[in-house]
Amino acid sequence: MISKTYAPQEIEAKWYQYWLDNKHFASKPNPDKEPYSIVIPPPNVTGILHMGHMLNNTIQDVLIRKARMEGKEACWVPGTDHASIATEAKVVAMLKERGIEKKDISREEFLAYAHEWKDKYGGIILDQLKKLGASCDWDRTNFTMDAHYYESVIDVFVDLYNKGNIYRGVRMVNWDPLGKTALSDEEVIEKDIQAKLYYINYAVSSQQSAVGEETAESYVTIATTRPETIMADAAICVNPNDERYIHLHGKTVKIPLLNREIPIITDEYVTMDFGTGCLKVTPAHDLNDYELGIKHKLPVIDILDDGGFLNEKAVLYVGQDRFAARRNIVKDLEESGHLVKMEEYKSIVKTSERTGAVIEPKLSLQWFLKMEELSKPALENVMNDTIKLYPSKFKNTYRSWMENVHDWCISRQLWWGQQIPAFYLQDGTIIVAKTKREALHKAQHERLLFALTEEDLTQDPDVLDTWFSSWLWPIATFDGIRNPDNEDINYYYPTNDLVTGPDILFFWVARMIIAGYEFKGKLPFENVYLTGIVRDKQGRKMSKQLGNSPDALELIERFGADGVRSGLLFSAPAGNDLLFDEKLCEQGRNFCNKIWNAYRLVEGWTVTEQPIIESNKLAIDWFNSRINQTIKEIQDHFTKFRISDALLSLYNLVWNDFCSKYLEIIKPDFEQPIDKATFNSTIEIFEKLTCLLHPYMPFITEEIWQALAERNEGESICRTEFPQGGDINTELLASFDVMFEVVSKIREIRNVKQLSPKIVLPLAIKTDNKARYENIESIIEKLANTETISYVSDKVDGAISFVVKADEFFINLEGEIDVEAELETAQKDLEYNLGFKKATEAKLSNERFVANAKPELVERERQKLADAESKIKALEERIASLKG
RNA sequence: GGUUUAAUAGCUCAGUUGGUUCAGAGCACCUGCCUUACAAGCAGGGGGUCCAAGGUUCGAAUCCUUGUUAGACCA
């Protein structure tokens, strides 16, 4: 006896291993088949599976499994990303536990520890994806620090440098004082905070202010949120049009506490109505001030060290953290009478995405990639739909970003990553080459410095931004950088679909497109499906701090992988955030259970050679039409990436049409056998349904598919053909709709009258078209539990009745009838139909409607009018007889 | 502040080229059933001024304008 409820835990591991053992996910170039490839968005090697991954990878798995069943050579490339900052932080933490400080060990030693960490703890997430059912080709697993990948990244750097796209320069960058590295703009998160605006007096230098007027203003007041940077001030700036300060033009002021003299300059950049209209200019610690400084040739005084502590240039508070220094200077300014007032001020603060530290704008020497020219094909080909974004609303966002693209700061002051292949000679000359040896060779031959040895070359200590390796993902995973003509890259590239979150549209997607055109001359993928962000049911982002993120593996444990997968997809329209509720997984699990029990029913039948009855034949035809109709629907949904809608169509087909209708129609009485023809057709139908469902629910469909018939060793549903649609008998579908409406009406009466389902009801039909019911009357009898249907030419007095189409149905309950209630429902029905008739007549008598609307539409309206008229006639007679 | 997307049932969302009385689905809710595949179930039911106001049209949830509100991205 098989279990009453579906028990996923027992079968999921079994089938996953079976798939692996039989290499069903493996793929290699096959010229006889159409390729279909997806590269996984590589999760951080430090990552563990969360809700976002589950959604994202389920969608990819659905796409890849469907393509595989459609006979394409489906290849899903998995892998992980080395995630410089995140991994380096983990390694530093591991070392700390062992009592080792990063600063005490060499780069080589550190990297050895990092690899050790990666081998031990990295890539857990890939095993977790297996639990979800992901059908990746695991033999193709890539890691962005694999030797071949590393080499590809270096090749690309050298190539871009030689083309003149990479340069080194001093720029104001986002500095993370905790991670001690530069960050790209995209790695910075802005947070709203409540800050304070400090008003500080700077003394106007006396010799200039002494123009005779003793009471003349001897101070200017500036407003700043960062009082600790006054030691780095290079000037005070006012708007030249600001009449309040005209008398100050050309004078100097003294920095409080420090008494260093700085000039007062004028520039229209200053907003007159913000603060006091006086701006302190601190070129080293603010981007705008920096630009102002360049314009006015001001000195740059950098008073902070890499860790955010004040250095000797500050003179005061040396060695203090920037925030401690702020507190102290505020106190000292207050005591010395320089602090005029403090105001509450709503502001934003930039923080590091990885370490959370407050970002310091800092001048430093970094490597940059020029983006303007490179990004042109990437913009053009998204705008002209060569590469399609789903949903397309992201095209706008994409465009505005690509039109305002900045040069990309690609160097990071870390050790874990691809070390920049730039080598410096003692005089500072830069040689960019793949290896030290090549650099030496280049120096010797191009610069004729034959006396040089490798010892004279020092490699740049920085590594490349992680995104500078992941932007090559669709190419480098097929080794298409080093071996541009290899079989894999020629076959699988460009890949077909990319599935990822909109939050990395620019970080990653845009850059892959750029790389695709730059290094392959072609798009990297045709479609980009952008999933929503998984939020909790209150709409908050899932986060560790809030503790609102469910444990992904625990969910799988509780609801089964198929339950979680379908649950996630039930409410995941493309591009919309998904408000996750465990209820969704419950619904998914219930769906599995429903399918399971349908199987249990079929599995328990005994088969006889008796001939098929007419109504079963009809039901089989009807259901096949419904399947074909649904296949058409889901294929249409898939072309538009409406994965969620496709699943809902299937859900509806399986639950409402297959279980509630089809099986109920053909189900033999308790312990009675079923005829062979019906049984075989039902098995066939069930197989089709499992195939249609397989991309969504791989495990349960495999389990049932294997049980429905004898299978060969190693055979799997994941390699069977995806069902093709066929003919749709619309007449049959319509006649079944009428039948189900009749059944529903009878059941409603049963409900209202509180009659047990066991009571067999008498049913009479008054119709001009008896043929309409000839084939389906036995089904009505079965589903509604009625006696043999009788046909009447007159009303049945004292019976409850209802009207479907133009036909009237009677259930004679012998005096059970409540005339008042019957009258009321009939009256209501009549009113509705009269209203409908009136509206339709108005439409049809409108000449402009008849003239302008499509002819079939007008015809349809006429038909509806005729139907309504006959229904009205029946209802009027009914009412008359009730009033009797 | 700039750009942009949205607003439809209690909740989450469909509604494709303006055209079926078009106002839909799932969940939730209410009523009755432990009927022999399934109570993780069955049968039935109630529920919306399609954000507001104008406009275009024979016809508007759908197109246009303005406003309100919310989100996203950028500054």
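Listed values, structure above:
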| quantity | calculated |
| --- | --- |
| Residue in region A:810-829 that is crowded, with 16+ Cβ neighbours inside 10 Å, without any contact (Cβ under 8 Å) to a residue 40 or more places away in the chain and over 30 Å from residue A:752 (Cα atoms) present | no |
| Some residue of region A:77-84 being in a helix (DSSP H, G or I), closer than 21 Å to residue A:176 by Cα and in contact with a strand residue (DSSP E or B) (Cβ under 9 Å, 6 or more places away or on another chain) | yes |
| Helices (runs of 4 or more DSSP H) (entirely within region A:374-469) containing at least 3 residues that are under 16 Å from residue A:158 (Cβ atoms) | A:436-446 |
| Index of the failed condition, residue A:797 passing every other in (1) over 20 Å from residue A:747 (Cβ atoms); (2) open to solvent by less than 40 Å² (accessible area, probe 1.4 Å); (3) in a loop (DSSP other than H, G, I, E, B) | (2) |
| Count - residues of region A:772-793 that are in a loop (DSSP other than H, G, I, E, B) and acidic (Asp, Glu) | 1 |
| Residue ID - nearest to RNA strand B (Cβ to nearest atom), chosen from residues in region A:586-641 that are hydroxyl-bearing (Ser, Thr, Tyr) and in contact with a Pro (Cβ under 7 Å, 6 or more places away or on another chain) | A:606 |
| Selection from region A:23-36 of residues that are in a loop (DSSP other than H, G, I, E, B) and open to solvent by less than 60 Å² (accessible area, probe 1.4 Å) | A:24, A:25, A:26, A:27, A:29, A:30 |
| Region A:140-155, residues that are open to solvent by 10 Å² or more (accessible area, probe 1.4 Å), in a helix (DSSP H, G or I) and either modelled with pLDDT under 95 or more than 20 Å from residue A:439 (Cβ to Cβ) (or both) | A:140, A:148 |
| Test for residue A:119: is it among the acidic types (Asp, Glu) and surrounded by fewer than 21 Cβ atoms within 10 Å (Cβ to Cβ) | yes |
| Unmet criterion (only one of (1) of a type outside the set (Phe, Trp, Tyr); (2) in contact with a Gly (Cβ under 7 Å, 6 or more places away or on another chain); (3) within 16 Å of RNA strand B (Cβ to nearest atom)) for residue A:835 | (2) |
| Any hit, region A:266-273, residues being exposed (fewer than 13 other Cβ atoms within 10 Å of the Cβ) and of a type in the set (Val, Ile, Thr) | yes |
| Region A:658-715, subset within 15 Å of RNA strand B (Cβ to nearest atom) and among the acidic types (Asp, Glu), residue least open to solvent (accessible area, probe 1.4 Å) | A:703 |
| Residue in region A:858-872 that is within 20 Å of residue A:763 (Cα to Cα) and surrounded by 14 or more Cβ atoms within 10 Å (Cβ to Cβ) present | yes |
| Matching option when the condition is under 20 Å from residue A:706 (Cβ atoms) and not in a loop (DSSP other than H, G, I, E, B), among A:11, A:64, A:2 | A:11 |
| Any hit, region A:743-762, residues being assigned to a loop (DSSP other than H, G, I, E, B), within 16 Å of RNA strand B (Cβ to nearest atom) and hydroxyl-bearing (Ser, Thr, Tyr) | yes |
| Verdict on residue A:367 being modelled with pLDDT of 90 or more and touching a His at 6+ places or on another chain (Cβ under 8 Å) | no |
| Qualifying position, being more than 9 Å from RNA strand B (Cβ to nearest atom), touching a residue at least 24 places away in the same chain (Cβ under 8 Å), under 21 Å from residue A:800 (Cα atoms) and open to solvent by 80 Å² or more (accessible area, probe 1.4 Å), among A:766, A:782 | A:782 |
| Search result, residues across region A:561-573 that are within 8 Å of RNA strand B (Cβ to nearest atom) and either open to solvent by less than 50 Å² (accessible area, probe 1.4 Å) or modelled with pLDDT of 95 or more (or both) | A:563, A:570, A:571 |
| Region A:67-76: number of residues that are crowded, with 24+ Cβ neighbours inside 10 Å and in a strand (DSSP E or B) | 3 |
| Residue count for region A:627-652, restricted to those that are within 23 Å of residue A:663 (Cα to Cα) and open to solvent by less than 30 Å² (accessible area, probe 1.4 Å) | 9 |
| Condition check for residue A:100: outside any loop (DSSP other than H, G, I, E, B), at pLDDT below 95 and not charged (D, E, K, R) | no |
| Meets criteria (part of a loop (DSSP other than H, G, I, E, B) and not hydrophobic (A, V, I, L, M, F, W, C)) for residue A:327 | no |
| Among (1) crowded, with 18+ Cβ neighbours inside 10 Å; (2) in a helix (DSSP H, G or I); (3) among the hydrophobic types (A, V, I, L, M, F, W, C), the one test that residue A:655 misses | (1) |
| Lone qualifier among A:392, A:375, A:336 - being open to solvent by less than 30 Å² (accessible area, probe 1.4 Å) and among the small types (Gly, Ala, Ser) | A:375 |
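Residue-wise test of (1) within 19 Å of residue A:349 (Cα to Cα); (2) at pLDDT 90 or above.
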{"site": "A:157", "(1), (2)": "no, yes"}
{"site": "A:168", "(1), (2)": "no, yes"}
{"site": "A:179", "(1), (2)": "yes, no"}
{"site": "A:204", "(1), (2)": "no, no"}
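The values are calculated or read from the model by the stated rules, or taken from the named source; none is laboratory data. Bear in mind that the values here come from a model prediction, so they are computed numbers and not experimental data. Reconstructed Cβ throughout: ideal geometry from the backbone, glycine too, with neighbour counts over all protein chains shown. Heads up: the accessible areas ignore ligands, DNA and RNA and are worked out on the full protein's heavy atoms, side chains in. Shrake-Rupley method; radii C 1.70, N 1.55, O 1.52, S 1.80 Å.
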